[in-house]
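Colleague: Below is a structure I'd like to ask you about.
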Amino acid sequence: MFKNFWYGVEFSDDLVVGTPKRIKVLGQQLVIYRKPSDGSVVCLSDLCVHRGAALSAGELKGDCIVCPYHGWEYNERGEVLKIPAHPEKGIPRKARIDAYPVVERHKMIWVFLGDLPEEERPPIPDWSAVDDTETYRAVTGTFLWKSNYERILENGVDIAHTPFVHRGAFGNPEKPEVPEFEVETSPWHCKASVKLNPPKPKGLWARMNPGGGDLLNRPLVPVSTTWWLPNAILLEVDLPMGKLKIFDINIPIDEETTLVKFIALRTFFKGRWADKDARRRVFKVLKQDEAVVDTVRPELLPYDLSDELHVRSDYNQVMYRRRRRELIEAGWSVEGNTIVGEGPARVEARVVPSPVRREVPELASAWNFKEVRSKELLGQRAEREERGDLPRTDTVEAPGEEVPA
Amino acid sequence: MSATEAESTSLSGGLCRRTWERIVHERGLVEARSASGRAFRTLVSPMSPDPVGEVRVFTAADETEPVAKLVYVGLTVRAIGLDSHMVFAFVRPDLPVPHFTLDSVQGQGSYAFHLDLIPRADLGTHLTYLDWAHAPLTPAFEEVSQRPGLSKAAIGPRQFAMMSPWMLVHRAEEAAFTGIDDAVTTYLDHWFGLLAAPVPDAVVADVADTDLSLRDARNRANIFSPDVDHVWAQVARLVGDEAMEDVRAQLLDNEVRA
Ligand code: FES
Ligand SMILES: [Fe+2]
């Protein structure tokens, strides 16, 4: 799991003004809320610096969020503005929590989890098709998946599995060959395009194409898969009846749990009457993928490229693994950000440092939640190590480890 | 597949398309394609190098389906700012269920539509039929009629006499036009309701004095008569007399003539 990225965390429509929402991303509890004054979204660490209560259980007072335990009031920058028990005293410098930059784009709320200054942040993926409501009809959905998000991501961009896992939906098991790829890459994404054999048309489309059911001789269907770091994918299928684009974001709740949020666009059957079917189709595909991904061992991606056997049609995944290894080497893995609160808040949690920690160096000593590993957490690691299920992504600090090319 | 089929994303085209696709979907209709596998008819015009429109025809999958034929006619000529889409879904001649129609037009920057269930019996003498087939649309009819941004379209009483008093026929500003989807849904839902259950005995008895098939043939001959609806003269100017007559022929009865 990586910090220093924009994470799509919620559909814009699903966050109303005034009601805070608790979310968990990268193992860290966060609270998001929409400010009454201008409707913009705030994202804070969900850990009150006083005694560690969850701010998300509190209420809004103006644009501030009030801790439900002792009523400390936090503004959108994570600073405590009021301590009700001692209104006459000053506010301690340490009375602050991490606040994360937020952008709303492409129907989603994106939160920057990391401390990079604005100009160094990786881009938010280009999902502009989502905004083109003239051309596309959209449905959205959410799917909780008990698997590691990177396995899900790899599955999402794997073209060779469609004829087998999605037989009938858009795979054609009688013609499983994956022809030559066209590839487009940047440091932050990789798109692979191929032309696949379509399955036999079914339902409404078949009735609109009587005689079009010759399975072996139908025109090829352009299909492309794209990943954007750290966790977004796009599946595009140019069916004879129109285009299908399924954007999804695989939100790592923790190492073993992923919340998938998708926006599925279509240029055909754009009436509201077809929304239910469109949503059902995406869920069907996700369920088929879930059944396979859940059998993949080990659950977490191996660190070493050569640990699994790659063939040519795995190109897109291989690219992803290369990039993730670079990120791990750059220290962007969040495993180092497990903290234990010093002082009164005896809390163990993960807190990803926010940009303000870098922006205001004078405050360096003011952060109550420091990036310190607790003995207990290290103990748990030792246990897991003994059981042999320690995620290899945890080994970032291992000194001098050989990294095979 | 032709560009017109895939990319009819104009406001007027979109409304009509969503409507007929839903009917095809819910009634399980099957498309009658041309020999080349394309739309039933592709319309060409001396005014444009590209096709200016198409006729698509769908029929019942079997004889138990009450909807006998659906005809969609689309005409788009950007050069003269015409974008016209209409759909008629005809119920079997022997059933007293109204036909459904939606006409959705954009011309010279303004929008217009008509939406109706076409009566299958004389409304002045068949109150039971009227109360079953049409009267439930009254609240929707009244609500839509007084929406801002809509104004009555120019359709004379003579032409109106072939349709129902519940016909919504309006010019519309863009914002009002985009809001018509829900009225179409209300009319469609009512119509699907009529199709879903057997025709009540009281209604069957009420219209027993009407030769439904004969009346249907005569009614359709009038609705689609160039003498009644001047749109046919415009269509003829666009695609020629022969093609116009061919389009008209698709609407007069439920035959599918290649
Ligand atoms: S005010 Fe938050 S725990 Fe006391
Ligand atoms: Fe899949």
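The values are calculated or read from the model by the stated rules, or taken from the named source; none is laboratory data. All of these numbers come straight from a predicted model, not from anything done at the bench. Note that each Cβ is placed from the backbone with ideal geometry, even for glycine, and that neighbours are counted across all protein chains shown.
Colleague: Give the residue, chosen from A:D38, A:D46, A:D13, A:D63, that is free of Cβ contacts under 8 Å to residues at least 12 places away in the same chain, charged (D, E, K, R) and away from ligand 2 (no atom under 16 Å from the Cβ).
Modeller: On the way: A:D46 fails: free of Cβ contacts under 8 Å to residues at least 12 places away in the same chain; A:D13 fails: free of Cβ contacts under 8 Å to residues at least 12 places away in the same chain; A:D63 fails: free of Cβ contacts under 8 Å to residues at least 12 places away in the same chain.
Unique residue meeting the criteria: A:D38.
Colleague: Okay, moving on. With the requirement that a residue be free of Cβ contacts under 8 Å to residues at least 12 places away in the same chain and over 15 Å from B:T19 (Cβ atoms), what does region B:163-208 give you?
Modeller: Matches in region B:163-208: B:G193, B:A196, B:A197, B:P198, B:D201, B:A208.
Colleague: Starting from region A:77-105, take each residue that is charged (D, E, K, R) and list its partners that are exposed (fewer than 15 other Cβ atoms within 10 Å of the Cβ) and part of a strand (DSSP E or B), counting only C-beta distances under 8 angstrom and pairs at least six apart or across chains.
Modeller: As it stands, the answer is none, since no pair meets every condition given.
One line per residue, one yes/no per condition, for (1) at pLDDT 95 or above; (2) of a type in the set (A, V, I, L, M); (3) within 18 Å of B:D182 (Cα to Cα):
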| residue | (1), (2), (3) |
| --- | --- |
| B:L75 | no, yes, no |
| B:H99 | yes, no, no |
| B:L102 | yes, yes, yes |
| B:T125 | yes, no, no |
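Colleague: Let me ask you something else. Return the only residue of A:V139, A:V157, A:V165 being at pLDDT 70 or above, within 16 Å of ligand 2 (Cβ to nearest atom) and among the β-branched types (V, I, T).
Modeller: From the options A:V139, A:V157, A:V165, the qualifying one is A:V157.
Colleague: So which residues in region B:187-224 are assigned to a helix (DSSP H, G or I) and among the hydroxyl-bearing types (S, T, Y)?
Modeller: Once the filter is applied, which keeps residues that are assigned to a helix (DSSP H, G or I) and among the hydroxyl-bearing types (S, T, Y), region B:187-224 yields B:Y187, B:S213.
Colleague: Separate question: Here are A:V139, A:V157, A:V103, A:V111: which of them is surrounded by fewer than 20 Cβ atoms within 10 Å (Cβ to Cβ), more than 16 Å from ligand 1 (Cβ to nearest atom) and β-branched (V, I, T)?
Modeller: Only one candidate qualifies: A:V103.
Colleague: Could you tell me whether A:P92 is away from ligand 2 (no atom under 16 Å from the Cβ), under 30 Å from A:F283 (Cβ atoms) and part of a loop (DSSP other than H, G, I, E, B)?
Modeller: For A:P92, the condition - away from ligand 2 (no atom under 16 Å from the Cβ), under 30 Å from A:F283 (Cβ atoms) and part of a loop (DSSP other than H, G, I, E, B) - is not met.
Colleague: Shifting gears a bit: Against the condition surrounded by fewer than 19 Cβ atoms within 10 Å (Cβ to Cβ), within 14 Å of chain B (Cβ to nearest Cβ) and more than 16 Å from ligand 2 (Cβ to nearest atom), how does A:E134 come out, does it pass? Spell out the reasoning first.
Modeller: Details: surrounded by fewer than 19 Cβ atoms within 10 Å (Cβ to Cβ): yes; within 14 Å of chain B (Cβ to nearest Cβ): yes; more than 16 Å from ligand 2 (Cβ to nearest atom): yes.
Yes: the conditions hold for A:E134.
Colleague: Looking for whichever is in contact (Cβ under 8 Å) with a residue 24 or more places away in the chain, part of a loop (DSSP other than H, G, I, E, B) and either of a type in the set (F, W, Y) or touching a strand residue (DSSP E or B) at 6+ places or on another chain (Cβ under 6 Å) (or both) here; the options are B:A35, B:A39. Which one fits?
Modeller: Checking each option against the conditions leaves just B:A39.
Colleague: Is there a residue in region B:177-186 that is among the hydroxyl-bearing types (S, T, Y), part of a loop (DSSP other than H, G, I, E, B) and at pLDDT 95 or above?
Modeller: no
Colleague: Could you look through region B:51-66, keep only residues that are surrounded by fewer than 21 Cβ atoms within 10 Å (Cβ to Cβ) and without any contact (Cβ under 8 Å) to a residue 40 or more places away in the chain, and pick out the one that is nearest to the other protein chains (Cβ to nearest Cβ)?
Modeller: B:A61
Colleague: While we're here: Please verify whether region A:100-110 includes one or more residues that are over 29 Å from A:A264 (Cα atoms) and not polar (S, T, N, Q).
Modeller: Within region A:100-110, the subset over 29 Å from A:A264 (Cα atoms) is none.
Among the residues of region A:100-110, not one is over 29 Å from A:A264 (Cα atoms) and not polar (S, T, N, Q), which makes the answer no.
Colleague: Any idea which of B:A221, B:A183 is under 17 Å from the mean Cα position of the chain (by Cα), within 14 Å of another protein chain (Cβ to nearest Cβ) and not β-branched (V, I, T)?
Modeller: Values: B:A221 fails: within 14 Å of another protein chain (Cβ to nearest Cβ).
Every option except B:A183 fails the conditions.
Colleague: When you check A:L15 against the structure, is it more than 14 Å from every other protein chain (Cβ to nearest Cβ), at positive phi, more than 12 Å from ligand 1 (Cβ to nearest atom) and of a type outside the set (G, A, S), yes or no?
Modeller: No; evaluated as a whole, the condition is false for this residue.
Colleague: Just need a number here: residues in region A:36-81 that are more than 10 Å from ligand 1 (Cβ to nearest atom) and among the basic types (K, R).
Modeller: Result for region A:36-81: 2.
Colleague: Quick one: A:R279 ticks every box in (1) among the basic types (K, R); (2) in a helix (DSSP H, G or I); (3) within 11 Å of chain B (Cβ to nearest Cβ) except a single one, so which number is it?
Modeller: The failed condition is (3).
Colleague: Let me ask something else. Please work out which one of (1) among the hydroxyl-bearing types (S, T, Y); (2) buried (at least 18 other Cβ atoms within 10 Å of the Cβ); (3) in contact with a Lys or Arg (Cβ under 7 Å, 6 or more places away or on another chain) is the condition A:S12 fails and give its number.
Modeller: (2)
Colleague: Within region A:66-89, take every residue that is touching a strand residue (DSSP E or B) at 6+ places or on another chain (Cβ under 6 Å) and charged (D, E, K, R) and give me the one that is farthest from ligand 2 (Cβ to nearest atom).
Modeller: A:K82
Colleague: Here's a check for you: in region B:19-31, which residue that is touching a residue at least 40 places away in the same chain (Cβ under 8 Å) and surrounded by fewer than 20 Cβ atoms within 10 Å (Cβ to Cβ) is farthest from the other protein chains (Cβ to nearest Cβ)?
Modeller: B:R27
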